[in-house]
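Novice: Mind having a look at this structure? Questions to follow.
None of the figures in this text is laboratory data; all of them are computed from the coordinates on show. Because the structure is a prediction, the values reported are computed rather than measured. Cβ placement follows ideal geometry from the backbone for every residue including glycine, while neighbour counts extend to all protein chains displayed.
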Amino acid sequence: MNIPSSDLFRYDGTRSFAIQDTQTRLKDIYEDKQQYQQLLRSYVEELDELQSVMYAHDRYGLLLIFQAMDAAGKDSTIKHVLTGVNPMGVKVHSFKRPTEHELDHDYMWRSNLLLPQRGMIAVFNRSYYEEVLVAKVHPEIITRHQRIPAELTKDLDKVWQHRYQDMVNLETYLYHNGIRTIKFFLNVSFQEQADRLISRIRTPLKNWKFEEGDVTEREQWDKYQQAYEDCINATGTEVAPWYVIPADDKKNMRLLVGKIIVEEMKKLDMSYPATDEEQRQKLQQLVNVIQAQTANR
């Protein structure tokens, strides 16, 4: 077994990203199902411990962003990698089509409300990046539906550049405040997406996951691929990198995501708060009190 270096999947502005040259499938990085489960469990256990330290340290927060084409496996990856981490320390937020109330605010308002506090991990299943992905493929979202003054949407190229910069500025601002951002693009192939959509149709228990719009959006596949390429090249930075993860094999994908989150969290200068001599003496006094209570009962 040889798990590839995370650097192979990292895009932080130091190299360009070309989606047509990027793999959607790797050779198995696990020998069998048992080893896959052992590896995944070890990553989850490390994540749980690291999150506990983060919570006690109370200086850092972590924002995990998952973006992908439909049926790439965002939900299952979040579920498998983060199930087992103390639920008090993790909050998962899924972003759907904006509501009328949300449209009355700036486009990042709804996500800014849900940014992680110190000690916490916030997971965004889709995010503000939809505003340069779906909106770029369907620009009428900007020109007709987002209630932005018309003079600000005449030049759409400027709109995208401004939004890329807004996102970089936000993530840099978060970094300066101790909130780290890690972004994942789960890169599924056209054929694999087709197989998964058909499976959703043919499996009654999966019918609820299927939407007719997913089929329509497949017709825009090339435009989405270009939008992802442009976005990752424009917004991948040292302080908020993108990781492009091959998504045709879900087990490989989950292991890589777990490994990367663990590695990124280990870079943080975190520790449990130290106990000084005075505190230790007070704690020992409390031990004595508890023991006396037990003895006298």
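Novice: Taking the Cα centre of the chain as the origin and placing charges on Cβ (Lys, Arg +1; Asp, Glu -1), which of A68, Q38, S94 is farthest toward the positive end of the dipole?
Specialist: Q38
Novice: Still on this structure, please answer the following. Rg and Dmax of the range 1-113, using alpha carbons, in Å: what are they?
Specialist: Looking at the range 1-113, its Cα Rg and Dmax stand at 17.6, 52 Å.
Novice: Something else: Rounded if a/c is under 1.5, else prolate if a/b is larger than b/c, else oblate: which is the range 39-96, with a ≥ b ≥ c the root eigenvalues of its Cα gyration tensor? Present the calculation step by step, with values, prior to reporting the outcome.
Specialist: On the way: a/c = 2.59, a/b = 1.51, b/c = 1.72.
Cα axes put the range 39-96 in the oblate bin.
Novice: Work out the length of the dipole vector of the range 6-296 about its Cα centre, built from +1 on the beta-carbon of each Lys and Arg and -1 on the beta-carbon of each Asp and Glu, and round it to the nearest 20 debye. Kindly include the intermediate steps, with their values, before the conclusion.
Specialist: On the way: 38 positive and 44 negative charges, 125 e Å.
Roughly 600 debye, rounded to the nearest 20.
Novice: Between Y164, Y55, Y272, find the one with the highest GNM mean-square fluctuation for the chain; connect C-alpha pairs within less than 10 Å.
Specialist: It is Y272.
Novice: When only Cα pairs under 8 Å and 6 or more residues apart are kept, what is the percent relative contact order across the chain? Spell out each step's value before the answer.
Specialist: Details: 390 pairs, mean separation 99.3, N = 297.
The normalised contact order for the chain reaches 33 percent.
Novice: While we're here: Using the Karplus curve 6.51 cos²θ - 1.76 cosθ + 1.60 with θ = phi - 60°, work out ³J(HN,Hα) for each residue of the range 108-114 in order, rounded to whole Hz, and write x for Gly and Pro.
Specialist: 9, 4, 5, 7, 4, 5, 10
Novice: Could you tell me what percent of the DSSP beta bridges with both partners in the chain are antiparallel, to the nearest 5? Can you show the working numbers first?
Specialist: Details: 2 of 26 bridges.
The antiparallel fraction comes to roughly 10 percent.
Novice: A follow-up question, please. Once you have the Kirkwood Rh of the chain from its Cα pairs, apply Stokes-Einstein at 20 °C and 1.002 mPa s and quote D in µm²/s.
Specialist: Values: Rh = 21.2 Å.
It diffuses with D of about 101 µm²/s by this estimate.
Novice: For the range 206-296, which trypsin sites (Lys or Arg not before Pro) are both in a DSSP coil and crowded by at most 15 other Cβ atoms within 10 Å? Intermediate results must be reported in sequence, preceding the final value.
Specialist: Working: sites: K206, K209, R218, K223, K250, K251, R254, K259, K266, K267, R280, K282; in loops: K267.
Counting only loop positions with at most 15 other Cβ atoms within 10 Å, the trypsin sites (Lys or Arg not before Pro) in the range 206-296 are K267.
Novice: Once you treat every alpha carbon in the range 157-297 as an equal point and sum by Debye, what is log10 I(q)/I(0) at q = 0.15, 0.20 Å⁻¹?
Specialist: Values returned for q = 0.15, 0.20 Å⁻¹ are -0.96, -1.26.
Novice: If you don't mind, there's one more thing I want to ask. For the chain, modelled as a GNM with alpha-carbon contacts under 10 angstrom, which of R202, R110, R25 fluctuates the most?
Specialist: R202
Novice: Could I ask something else about it? In angstroms, what radius of gyration and Dmax does the range 125-234 have, counting Cα atoms only?
Specialist: 16.8, 48
Novice: A follow-up question, please. With viscosity set to 1.567 mPa s at 4 °C, what whole-number translational diffusion coefficient in µm²/s follows for the range 157-208 from Stokes-Einstein and a Kirkwood radius over Cα pairs?
Specialist: Numbers: Rh = 14.6 Å.
Roughly 89 µm²/s, to the nearest whole number.
Novice: Using alpha carbons only, how many angstrom separate the centre of the range 1-32 from the centre of the range 242-297?
Specialist: Each part's Cα centre sits 29 Å from the other's.
Novice: Which chymotrypsin sites (Phe, Trp or Tyr not before Pro) in the range 87-131 pass both tests, a DSSP loop state and at most 14 other beta-carbon atoms within 10 Å?
Specialist: In loop regions of the range 87-131 (DSSP not H, G, I, E or B), there are no sparsely surrounded chymotrypsin sites (Phe, Trp or Tyr not before Pro).
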